[in-house]
1. For residues that are more than 14 Å from chain A (Cβ to nearest Cβ), in a helix (DSSP H, G or I) and open to solvent by 10 Å² or more (accessible area, probe 1.4 Å), scanning just the range B:77-104, find the one that is farthest from B:I6 (Cα to Cα).
2. Quickly run through the range B:114-170 and pick out the residues that are open to solvent by 50 Å² or more (accessible area, probe 1.4 Å), in contact with a Lys or Arg (Cβ under 7 Å, 6 or more places away or on another chain) and aliphatic (A, V, I, L, M).
3. Could you check, for the range A:277-284, whether at least one of its residues is closer than 20 Å to A:I142 by Cβ, away from the ligand (no atom under 16 Å from the Cβ) and free of Cβ contacts under 8 Å to residues at least 40 places away in the same chain?
4. Considering the range A:140-187 alone, what residues qualify as being part of a loop (DSSP other than H, G, I, E, B) and either among the acidic types (D, E) or under 17 Å from A:P301 (Cα atoms) (or both)?
5. So, in the range B:1-22, how many residues would count as being more than 21 Å from A:L109 (Cβ to Cβ), touching a residue at least 24 places away in the same chain (Cβ under 8 Å) and not in a strand (DSSP E or B)?
6. Can you pull out the residues in the range A:96-114 that are closer than 26 Å to A:G148 by Cβ and either of a type in the set (S, T, N, Q) or open to solvent by 10 Å² or more (accessible area, probe 1.4 Å) (or both)?
7. Checking the conditions here, which among A:K78, A:K161 is free of Cβ contacts under 8 Å to residues at least 60 places away in the same chain, outside the structural domain of A:I254 (by TED's automatic domain parsing) and of a type in the set (D, E, K, R)?
Amino acid sequence: MGMNSHAVASGLILGIETSCDETAAAVVKDGALALSSVIYSQQVHSKFGGVVPELAGREHERRILTVIRQAIDDAGLKMAKPQIDAVAVTTGPGLAGALMVGVAAAKALSLAWGIPIVGVNHLEGHLFAVHLEQDSIAYPSIMLLVSGGHTMIVLVEEPGKYRVVGQSLDDAAGEAFDKVARFLGLGYPGGPEIEREAEFGDPKAVRFPRALRDGSFNFSFSGLKTAVVTYAKRNADVGVSDIAASFEDAVVDILVEKTLNAAKAFGAHSVALAGGVGANTRLRTVLTSRARTLGVAVYIPSRQNCTDNGAMIAAAGAWRLENFGPSDLGLGAYPSLALP
Amino acid sequence: MILLGIDTATEMTSLGLCKYGTPPAVISFPGPKNQLESIGPIVRQLLDQSGISKSQIGAIALDVGPGLFTGLRVGVSFAKSLAGGLGIPIVPVSSLDIQAYPQGNCSRTIVSLVDARRGEVFYATYRKVPGGGVERLTSYSVASPEEVASEIESMAESVLLVGLGAIKYKDAFSTVSQPLHFAGSASAYPLMPVLFEIAFPLAFSEEFVSPESVEVIYIRDADAKVNFDVRQAFPKDR
Ligand SMILES: [Zn+2]
């Protein structure tokens, strides 16, 4: 309990992340200080309204070495003799063909530089993003991990001790943003598009339903999505920006409410935000202010550290390496890996 | 000059290490299962057992396809990163070229075929050149075996077919009226010693590329539609 610092491998770790549509690499010192973080967000998917797995794999393969080399350069190191102590890589969950690119690259660098390799769970990586910006975390902590692929409330008793206390029963929050954005004729990815549109709207214009107010910490977004679509069809006179703002308000409201309820229920000393939807301004603001009234610490990583990145993988890798040792060079990619 | 050879383009994965002028050390195994898992440990094994240190590798000879997409990506991502980490260049060679090359003493037209799955083959046409080896006459293409058969028919000459694409779809070529010859199962896949044979002269004349510039020969476009099953299992993670 209380303020914990966790034991990590010291030295420089290269983190590699290719689980979905960000090709990313970073160099992190002592599991906490990012010396560099390069994120290439693939643009090829936007016209399809979702990630095309084969295109993602091709883009990762095309960019992987360029991204890694940039991360090494930005850290002030030399690719040929980089003084890197270990390489950490996302092994899952994610798209199989995308994960494989990062794992293959990490193995090659482990061999080339004669350094250990450590496989990292992508979700655990997100939970470690807070360590890049906080010297110590007040445990137990309730972390809201919210992205296009995942919506879950995780009770973190300490690093490595996770309990998923709630999750989405249908769409992930980011997915709901994508679907509503598409319906409203906004672009892809939906999160930033809705956010941009919502800026000009009134979040209280429409009261959309908040689902699963049953005392559980689970979410459901498919009903909300349907409600938005039905409302928009019946009320052609209501502006898109009002609908976008009201939808965003509903999502943020339910995310924050359940997160704080969980924090109370489990006696958490802090709440933290993780995952790509964590870049949403309204979510960041509302979670911060409402957590403060609860009297718990609140950790909101920078937008760059919320989105998929290599630094969080290196941070989690430093901890894994110190506590469990390196992975075998024969490690693979595990598309449906669960949080350890 | 020592080359490391990497070939993950087909269902037969091959990794090899070769010092110029000596027989190569080669490890092959049927994939594409376990390709990703095996590739690192096998390269390490090749280095250990041949007593060669990684710093002695001068370049990587790499099969860049066409072939199976996932396997190619594993091999090419591995090769690029290894080359980047070691500071060495890459000699990219096509799978179809590797298959055709050993037929350089055959006076027939050579059609090299790699199984492209989904009832299609990747293929290209070659003929022998004086002094050994072959030259490619057509661009790398993808088509159904039946379409390739009618192309062969229009050539109106004796043809030698090499590669698994020929063996697997032998029946589709039975409609061709001129004499057809099939290379045996020994040339069903690109062979690592042949990759080395093609790559050494290129490496000596410094016809290699920087690892970043290596491009996979895909030929077939990606299925440019969102796979909604996959998307539901793992949609855009932002
Ligand atoms: Zn993520």
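1. The selected residue is B:Q103.
2. Hit for the range B:114-170 is B:L137, nothing else.
3. Start the filter on the range A:277-284 by keeping residues that are closer than 20 Å to A:I142 by Cβ, which leaves A:277-280, A:282-284.
Checking the rest, the ones that are also away from the ligand (no atom under 16 Å from the Cβ) come to A:282, A:284.
Then keep just the ones that are free of Cβ contacts under 8 Å to residues at least 40 places away in the same chain; that gives A:284.
There is at least one residue in the range A:277-284 that is closer than 20 Å to A:I142 by Cβ, away from the ligand (no atom under 16 Å from the Cβ) and free of Cβ contacts under 8 Å to residues at least 40 places away in the same chain.
4. Going residue by residue through the range A:140-187, those that are part of a loop (DSSP other than H, G, I, E, B) are A:140, A:147-150, A:159-160, A:169-172, A:184-187.
Answer for the range A:140-187, where residues must be part of a loop (DSSP other than H, G, I, E, B) and either among the acidic types (D, E) or under 17 Å from A:P301 (Cα atoms) (or both): A:S147, A:P159, A:D170, A:D171.
5. Going through the range B:1-22 one residue at a time, the tally reaches 5.
6. A:A96, A:G97, A:M100
7. Step by step, each of A:K78, A:K161 is checked, and only A:K78 is free of Cβ contacts under 8 Å to residues at least 60 places away in the same chain, outside the structural domain of A:I254 (by TED's automatic domain parsing) and of a type in the set (D, E, K, R).
Rundown of residues vs (1) within 16 Å of the ligand (Cβ to nearest atom); (2) touching a residue at least 60 places away in the same chain (Cβ under 8 Å); (3) surrounded by 24 or more Cβ atoms within 10 Å (Cβ to Cβ); (4) within 14 Å of chain B (Cβ to nearest Cβ), yes/no style:
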{"position": "A:G149", "(1), (2), (3), (4)": "yes, yes, yes, yes"}
{"position": "A:E157", "(1), (2), (3), (4)": "no, no, no, no"}
{"position": "A:V165", "(1), (2), (3), (4)": "no, yes, no, no"}
{"position": "A:L169", "(1), (2), (3), (4)": "no, no, no, yes"}
{"position": "A:R182", "(1), (2), (3), (4)": "no, yes, no, yes"}
{"position": "A:G187", "(1), (2), (3), (4)": "no, yes, no, yes"}
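The values are calculated or read from the model by the stated rules, or taken from the named source; none is laboratory data. Predicted, not measured: the structure shown is a model, and the values here were computed from it. Positions of Cβ are backbone-derived with ideal geometry, glycine not excepted, and every protein chain shown enters the neighbour counts. Protein only, heavy atoms only, side chains kept; ligands, DNA and RNA dropped before computing areas. Shrake-Rupley method; radii C 1.70, N 1.55, O 1.52, S 1.80 Å.
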